[in-house]
Amino acid sequence: MATISATCYLYILSWLWLCTMTLCGTVLEDLKNLHPPPDFNSTIMTNCLNNPSLRYCSSSPMNFDEIFKYTIVASHLCNESKNPNCIESFPKVDLRNRPNIAPLYLSFEFFWRYCPLTVVSIDVSNNSLKGNFPIDVLHCTQIHALDLSINEFSGDIPIQSFSPLTNLTFLNLSYNCFSESEELSDSQFFKRFNSSSFLHSGALLDHRRFFTLKVVILLVGFPILVILIVIFLAWLCFQRPDFLPRKLQRRRTFTPAILNAATSGFSSRNLVGKSDVVHIYKGVLRDGTQVKIEMYWDEISRERYRKFVEECKVLSELDHKNLVRVLGWCKSRKFRAVITEWTRKENVEMWLLSESAPPPWSHRVKVLMGVVECMQYLQEEWPQVDYDLNTSSVLLTQDLEPLISRFKVVDHNISTTRNICKFGVFMLEVILNRKVQEEFEGDASGFIKYMRRIDPEELQQMIDERMELGETSFHQVKQAVSLGLMCIDQSNSEQPSLAFISNSIARAYKATLVLPSANHTITRSHGGHSRFKGHKI
């Protein structure tokens, strides 16, 4: 045996061989019962001096007990492998078809660590061995052939550990259960062996199976992907159409999911008004538009619900700068909702009551101008739309543009005479002082009757003094009051047309833009006569 090849040590090997053949039973018994001869240590040291390449010579410090056990295992394994002359040489480890002893010899890690340099072939095939790759056998870096086929080894192949096996020319890992490894296919070391070395080993990527897998994924996965995309798009269309491109969005139709997102889940923080039937929320749409959402929780019949939708369709078509825009509606099993643009809370009534900055005549006539323009728009294009017209229902923007906020669709065209009368009341409320209006709070008919009976001189005293009117402005206000009185006169012979009202207010509005810079402010004495107080307006 080359690992213990010194002439002075041949008697040890001979003794071990004879012991194995006669006195000793199994390798385990020999490992337990045999002891090294007295000069064993010195003989090993002599061997290392003569041949330093012996593997046990590189261990520091030397474990002589382990080296002795190694010689016992080597003697047994050499004989089990049917080598012709184990005393002289140990060329092969042959444990094929030996399932009873192959696991035992593979478990002797110390033997493989000191693997004899003469071993050039290791064969442990056809033993149905299980577990990970027997990496200890790779300590025999000088071998030319390694056969681990027809077993049940599993896990990863230690690719890097094969690098020192530069003399390896035959490798057979077929019929095992190793893990697939792309690194194995790319390794330069393993490229020297053909595919027959890895038949059914599980280690190589099966390109045909891989191609089949891709085909299956394509044939099965692609339709599933298409179905999922269709389901997702359908969900967008029916639940969140606001995520679709603008051209694909359904105009004026909102979904509960959109309203839920706009109000942060109908958060109480966004609840601005509430009654038994109606909840009013402030919301923000996905594009940043602030909206008011009026949600109705009452149960209505199918016919009333149909009328509700038809009314919303009409109202959402209205488009005028002095109308609160109806953006759309929402229909759900639990509620129905109307969505309008968000507006300031300030209305004309609050504006007129301002003590810190009472509105001048020029601003009031601008409000009247906006209201009458909106009335003309509705009369000409949407005669079926009715609206409330009073100082509490007309809102104001920051630019003092009036917004009619309460309107609805009726089954018949609205009477023009009635609308002109409502405007007359609105105009007088804008011009006269608050004391007159407080006497008839909520009683429009009583206010109209009172205005018809009042004396012109007395009416002049009712004009809001906070406007500090100049002579020209005062004349315009008197004309406006006269126009308001004509409007509340519902007899056909006296009531002006809407076109006449619009022209009159337009002239008054233009006049406020070109008033002279110097004028006289009119004050009224307690006796009812006017006098002038000279100063700039």
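The values are calculated or read from the model by the stated rules, or taken from the named source; none is laboratory data. This structure is a prediction, so every number in the text was calculated from the model and none was measured. Here the Cβ positions follow ideal geometry from the backbone for every residue, glycine too, while neighbour counts run over all protein chains shown. Just the protein is used for accessible areas: all its heavy atoms, side chains included, with ligands, DNA and RNA removed. Shrake-Rupley method; radii C 1.70, N 1.55, O 1.52, S 1.80 Å.
For the set Lys69, Lys366, Lys247, the ranking by accessible area, highest first and with no ligand, DNA or RNA atoms included, is Lys247, Lys69, Lys366 under a 1.4 Å probe.
Take every DSSP beta bridge whose two residues both sit in the chain; close to 65 percent of them are antiparallel. Of all aspartates and glutamates in the structure, those lying under 12 Å Cα to Cα from Lys82, and not within fewer than 8 positions of it along the same chain, are Asp94.
Expressed as an acute angle from 0 to 90° and rounded to the nearest 10, what is the orientation of the C-alpha long axis of helix 361-381 relative to the principal long axis of the chain? For 361-381 against the chain, the angle is about 80 degrees. Cα centroid separation, segment 321-370 to segment 147-172: 85 Å.
Taking Lys247 as the anchor, which aspartates and glutamates have their alpha carbon closer than 19 Å to its alpha carbon, excluding any fewer than eight residues away along the same chain? Of all the aspartates and glutamates, those that pass the test against Lys247 - Cα under 19 Å, at least 8 places apart if same chain - are Asp287, Glu317. Helix 222-238 and the longest principal axis of the Cα set of the chain meet at an angle near 20°.
Set the Cα radius of gyration of segment 47-92 against 2.2 N^0.38 Å, with N its number of residues, and you get 1.28. Per-residue accessible area (protein heavy atoms, 1.4 Å probe) orders Asp319, Asp147 as Asp319, Asp147, starting from the largest.
What angle, in degrees between 0 and 90 and rounded to the nearest 10, separates the Cα long axis of helix 498-513 from the longest principal axis of the Cα atoms of the chain? Helix 498-513 sits roughly 80 degrees off the main axis of the chain. The stretch between Leu353 and Leu271, if pulled fully straight at 0.36 nm per residue, gains 26.8 nm over its current Cα-Cα span. Rounded to the nearest 10 square angstrom, Trp235 shows an accessible area of 120 square angstrom against a 1.4 Å probe. Annotation: peptides 474-487, 164-177, ranked by per-residue average of other Cβ atoms within 10 Å with the highest first, follow the order 474-487, 164-177. Neighbours of Gly273 by Cβ distance under 10 Å: Lys/Arg scored +1, Asp/Glu scored -1, total +2. Rounded to the nearest 10 square angstrom, Val348 shows an accessible area of 0 square angstrom against a 1.4 Å probe. Note on Arg418 and Val309: with the Förster distance fixed at 30 Å, the Cβ-Cβ geometry gives a FRET efficiency of about 0.65. A probe of 1.4 angstrom, applied to the heavy atoms of all protein chains, finds Arg452 with accessible area near 130 square angstrom.
Among Arg240, Arg406, the sequence by solvent-accessible area, most first, with a 1.4 Å probe is Arg406, Arg240. Treating r as the C-beta distance of Asn167 and Ser60 and R0 as 30 Å, the FRET efficiency rounds to 0.70. When a/c reaches 1.5 or more, the comparison of a/b and b/c decides; with that in mind, is segment 88-245 rounded, prolate or oblate per its Cα gyration tensor? Prolate. Ratio of Rg to Rh for the chain: 1.56 [Cα atoms; Kirkwood radius as inverse mean 1/r over pairs]. Only Cα sites of segment 132-225 enter the Debye sum here, all with the same form factor; the resulting log10 I(q)/I(0) across q = 0.10, 0.12, 0.23, 0.26 1/Å is -0.32, -0.43, -1.21, -1.48, listed in q order. Under the simplified labelling scheme, the Ala506-Asn79 pair shows an inter-label distance of 12.7 nm, with each label point 7 Å from Cα along Cα→Cβ. Taking a ≥ b ≥ c as the square roots of the eigenvalues of the Cα gyration tensor, segment 73-165 is classed as oblate, since a/c reaches at least 1.5 and a/b does not exceed b/c. Could you look at the chain and say what percent of its accessible area is carbon and sulfur, using a 1.4 Å probe and all protein chains? Exposed carbon and sulfur together represent 54 percent of the surface.
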